[in-house]
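Asker: Would you mind keeping the following structure in view while I ask a few things?
The values are calculated or read from the model by the stated rules, or taken from the named source; none is laboratory data. Here the structure is a predicted model, which is why all the values come from computation and not from measurement. Positions of Cβ are generated from backbone atoms using ideal geometry, with glycine treated the same way; all protein chains shown enter the neighbour counts. Just so you know, the surface numbers come from the protein's heavy atoms only, side chains and all, with ligands and any DNA or RNA stripped out. Shrake-Rupley method; radii C 1.70, N 1.55, O 1.52, S 1.80 Å.
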Amino acid sequence: MTRETSGPSAMETLLSTLDLEPIEVDIFRGRSPQAGWQRVFGGQVIGQALMAAQRTIEGERFVHSLHAYFIRPGDPSVPIIYQAERIRDGSSFNTRRVVAIQHGRAIFALSASFQAEEPGFDHQISMPDVQLPEALLGEQQIKEQYLMHAPEAIRKYWQRERPIEIRPVSLTHYFSDRKLDPKQDVWVRATGPVPDDRLYQAAVLAYLSDMTLLDTSLYAHGTSIFDQSLQVASLDHSMWFHRPCKLDDWLLYTQDSPSASGARGLTRGSLFTRSGELIASVAQEGLIRKKANE
């Protein structure tokens, strides 16, 4: 797709956003792109907090898991301060805790574990048999064929330039109120080069892992995150990094929602390379509640 502006691309902006400014020992400053959003995208905070944790790790040790809580909405108009705490440095594993702070209060907390690479048992689940991304409508085709009659919230979502392109295997959910099985398959890829650096690769993967998950928990209810009568927000996020990946091709993000109750929806996700290698697993619970009548 031809870009209409001469400024940095969306992926270049994301990489700059992940390049935190060190301001003290184990303290970093992160900024948000000024994209007109009222709150910071959750994937951005996950990626930045992970980058802060990674920058306190010495030697060849890489993240294998993270667990996070979204505490308050992030304000994109001011910097986010990330304070990293070195919980443990062991012979094989390192543990870090990172708190994101704005306006003097915590907005997000992340714990991450790192491991020195070593051989061991190896197995994985199989990738679902779905249409390849080349057989699906691209974002420009979706804009041309569907957005003219789509609700305003959906048009805004698809029309802005993003660092991650998504190609859902099915578009039914976006344009129908049918109650569907709570599962979906989405192809995702970076819209620009990602450095051959595992720190950035992990942070970008964490960023994109927050995309489309909450929506899957709404499939069974014939609605979506674009429903203006809903209050929707991520509550927590867990991720396990199984195998390294250079992010230079499409990934299949297959998702299912085993439960929704108590105004919360749970979604699980698996990220596969095109060749079927499982590179990461994700779980997220989100708030999905009807807004009170005004």
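Asker: Between Arg29 and Ala116, what is the label-to-label distance in nm when each label sits 7 Å out along the Cα-to-Cβ direction?
Answerer: Calculated label separation equals 3.7 nm.
Asker: Under the definition of Cα pairs under 8 Å and six or more residues apart, what whole-number percent is the relative contact order of the chain?
Answerer: Working: 607 pairs, mean separation 52.3, N = 294.
18 percent.
Asker: Same structure again: Of Lys143, Lys179, Lys291, which has the most accessible area and how do the rest follow, probe 1.4 Å?
Answerer: From most accessible down to least: Lys179, Lys291, Lys143.
Asker: With 10 Å bins from zero, work out the P(r) of segment 7-116 over every alpha carbon pair and list the percent per bin.
Answerer: Bins of 10 Å from zero give 15, 47, 30, 8, 0 percent of pairs.
Asker: Can you tell me the relative contact order of segment 7-116? Whole percent, Cα pairs under 8 Å, sequence separation 6 or more.
Answerer: With pairs under 8 Å counted, the relative contact order is 28 percent.
Asker: Name the residue from Ala52, Leu287, Thr216 whose Cα lies farthest towards the positive end of the charge dipole of the chain, charges +1 on Cβ of Lys and Arg and -1 on Cβ of Asp and Glu.
Answerer: Of Ala52, Leu287, Thr216, it is Leu287.
Asker: Report, by chain and number, residues whose modeled amide H sits under 5 Å from the one on Ser65, excluding near sequence neighbours (fewer than 5 apart, same chain).
Answerer: Hits under the 5 Å cutoff: Ser113, Phe241.
Asker: Measuring from label point to label point, each 7 Å out along Cα→Cβ, what is the Ser65 to Arg88 span in nm?
Answerer: 1.1 nm
Asker: Provide the packing ranking of 78-89, 236-247, 130-141, i.e. peptides ordered by the mean count of other C-beta atoms within 10 Å per residue, highest first.
Answerer: 236-247, 78-89, 130-141
Asker: Rolling a 1.4 angstrom probe over the protein heavy atoms, how many square angstrom per residue are accessible across segment 7-116?
Answerer: Using a 1.4 Å probe on heavy atoms only, each residue of segment 7-116 averages 48 Å².
Asker: Work out how far the C-alpha atoms of the chain reach from end to end along every principal axis, then list the three figures in whole Å, largest first.
Answerer: In descending order, the Cα extents are 55, 47, 47 Å.
Asker: Check the straight Cα-Cα distances from Lys183 and name the aspartates and glutamates below 17 Å, setting aside those fewer than 8 residues away within the same chain.
Answerer: Those aspartates and glutamates meeting the cut-off are Asp129, Asp210, Asp215, Asp256, Glu285.
Asker: While we're looking at this one, here's another question. Could you name the lysines whose alpha carbon sits less than 17 Å from that of Lys246, not counting residues in the same chain fewer than 8 places away?
Answerer: none
Asker: Please turn the phi angles of segment 89-106 into ³J(HN,Hα) values with the Karplus equation 6.51 cos²θ - 1.76 cosθ + 1.60 (θ = phi - 60°), one per residue in order, whole Hz, x for glycine and proline.
Answerer: 10, x, 6, 10, 10, 10, 10, 10, 10, 10, 10, 9, 10, 9, 6, x, 10, 5
Asker: Full extension from Gln140 to Arg160: what is 0.36 nm times the residue separation minus their Cα-Cα distance, to one decimal in nm? Don't skip to the answer; put the middle values down first.
Answerer: Numbers: separation 20, 0.36 × 20 = 7.20 nm, distance 1.12 nm.
In short, 6.1 nm is gained.
Asker: Divide by every residue of the chain the summed helix terms, -39500 (n - 2.57) for each DSSP H run of at least 4, and state the resulting mean residue ellipticity at 222 nm, rounded to the nearest 500 deg cm²/dmol.
Answerer: Dividing the helical sum by the residues of the chain leaves -5000 deg cm²/dmol.
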